[in-house]
1. Where the centre of each part is set by its Cα atoms, how far does segment 104-136 sit from segment 27-86, in angstrom?
2. Using a Förster distance of 30 Å, how high is the FRET efficiency between Ala70 and Ser10, based on the Cβ-Cβ distance and rounded to 0.05?
3. Just want the ordering: Leu8, Leu79, Leu88, from fewest to most Cβ atoms lying within 10 Å of their own Cβ.
4. Suppose every Lys and Arg Cβ carries +1 and every Asp and Glu Cβ carries -1, with no other charges. What dipole size does the chain come out with about its Cα centre, to the nearest 20 debye?
5. What is the fewest-to-most order of Thr51, Thr63, Thr75 by other Cβ atoms lying within 10 Å of their Cβ?
6. Give the span of segment 1-52's Cα atoms along each principal axis, as three whole-Å numbers ordered largest to smallest.
7. Restricting to Cα pairs below 8 Å that are 6+ residues apart, what does the relative contact order work out to for the chain? Please round to a whole percent.
8. How much length is gained on full extension from Ala30 to Trp114, taking 0.36 nm per residue of separation minus their Cα-Cα distance?
Amino acid sequence: MKKIFWALASVIFIIFLIWSRFYQLDLLPASLTHDETVYAISAQSFILQGTDLTQSHKPWSLTPIHPMYAEWPATIMSLGFLISHNSLFAAHFPSALMGVLLPFIFGWLLWGVWRNKQLAIIGVVIAAANPLLWQFSRLSKSMAA
């Protein structure tokens, strides 16, 4: 009976975690900042053409699109454009996915350091309920920072 309870609690927890990160991701936040827009345009161009709009930058290049922008965010953001054509959802998808995985990575880190199952479970729950981590999982800006 105890195993069934923990299995059911785990399933409910994972469903809540996914729902809280992905619910209305295409609507909230309702816009992209200027640098997020550059990354989103480059990411969509990577998916459609295999290169950026200037035809000089490939997704696997380790050089920035422009000196003011980072190397990886557009490449990582392109994963969202494989799933959806909605620009807001696609731009925020990788961060939301990281927001779902981060509590488990944190719990795994706690388990690796202290080998305490109860501490690892508490860490996962606290990380999943942390408002700051929730906010970062809804913003594509958190990838580039």
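1. One Cα centre to the other: 30 Å.
2. On the way: r = 36 Å, r/R0 = 1.19.
Computed FRET efficiency for Ala70 and Ser10: 0.25.
3. Starting with the residue having the fewest Cβ neighbours, the order is Leu8, Leu79, Leu88.
4. On the way: 8 positive and 5 negative charges, 158 e Å.
The dipole magnitude comes to about 760 debye.
5. Working: Thr51 15, Thr63 10, Thr75 21.
By the 10 Å Cβ count, ascending, the order reads Thr63, Thr51, Thr75.
6. 55, 25, 14
7. Working: 170 pairs, mean separation 35.2, N = 145.
Across the chain, relative contact order equals 24 percent.
8. Details: separation 84, 0.36 × 84 = 30.24 nm, distance 4.11 nm.
Taking Ala30 through Trp114 to full extension adds about 26.1 nm, to one decimal.
Coordinate-derived values only; no laboratory data. These numbers come from a predicted model, not from an experiment. Positions of Cβ are backbone-derived with ideal geometry, glycine not excepted, and every protein chain shown enters the neighbour counts.
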